[in-house]
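The values are calculated or read from the model by the stated rules, or taken from the named source; none is laboratory data. Computed from a predicted model, the values in this text were never measured in an experiment. Here the Cβ positions follow ideal geometry from the backbone for every residue, glycine too, while neighbour counts run over all protein chains shown. Side chains included, ligands, DNA and RNA excluded: accessible areas come from the protein's heavy atoms. Shrake-Rupley method; radii C 1.70, N 1.55, O 1.52, S 1.80 Å.
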Amino acid sequence: ALAACLLGSVCGFAHAADITYNGDEHKSKLTGNDLIPNTPSDNKITVEITGTYNQQINSVYGGKSDSSTVSNNIVTLTGTNTIIAGSVLGGSSGDGEVSGNTVAVQNGAKVTGSVYGGSSTSEAVSNNNVTLTGTDTSITSFVYGGSSGGGAVSGNSVTIDNATVGKVVFGGDS
């Protein structure tokens, strides 16, 4: 399934997304310059911008929900032409638990916002991870393995190998 949910719209798909986004050939997968799959869990998102792509991507989500569990998503950003202007979240939920999500930023990809393995406004966030690799790979802002505004945070991790982070790195934050 190569469908992405449009920001602010209702999606009728019941299966996970496997989205490879390379820019020029797949501009239709963006709405409001955010890349968001149509289901909250079990998605695999790969962003590798190639060619002469010039449309800004604000944010990338592996899975997102306002109220349900978000789990087992994988987001991979790769290549020196891949620049995300906002944040990258493996999994994000307002009032649901977030677990088992992975974000990999590698091979010179850049994120000017923050990177979260998993984030919930009010519930538990566990076993999410972020991996940053490559000398030209950079994150301008913060990096969180997992973050919750009110729930327990456990088992989250961040691994950095030759990448640059502009601000603070948190394995877990609550």
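Filter region 45-55 down to residues that are open to solvent by 70 Å² or more (accessible area, probe 1.4 Å) and over 17 Å from residue 115 (Cβ atoms) and give me whichever is modelled with the highest pLDDT.
Across region 45-55, the extreme among qualifying residues is 52.
Taking region 108-145, which residues are among the hydrophobic types (A, V, I, L, M, F, W, C), assigned to a loop (DSSP other than H, G, I, E, B) and open to solvent by less than 10 Å² (accessible area, probe 1.4 Å)?
109
Take region 93-107 and flag every residue that is within 21 Å of residue 38 (Cα to Cα), open to solvent by 10 Å² or more (accessible area, probe 1.4 Å) and not in a loop (DSSP other than H, G, I, E, B).
Result: 99, 102, 104.
Among the residues of region 73-92, is there at least one that is in a strand (DSSP E or B), open to solvent by 30 Å² or more (accessible area, probe 1.4 Å) and either modelled with pLDDT under 80 or hydrophobic (A, V, I, L, M, F, W, C) (or both)?
Yes; the residues of region 73-92 include at least one that is in a strand (DSSP E or B), open to solvent by 30 Å² or more (accessible area, probe 1.4 Å) and either modelled with pLDDT under 80 or hydrophobic (A, V, I, L, M, F, W, C) (or both).
Does region 56-67 contain any residue that is open to solvent by less than 10 Å² (accessible area, probe 1.4 Å) and at pLDDT below 90?
yes
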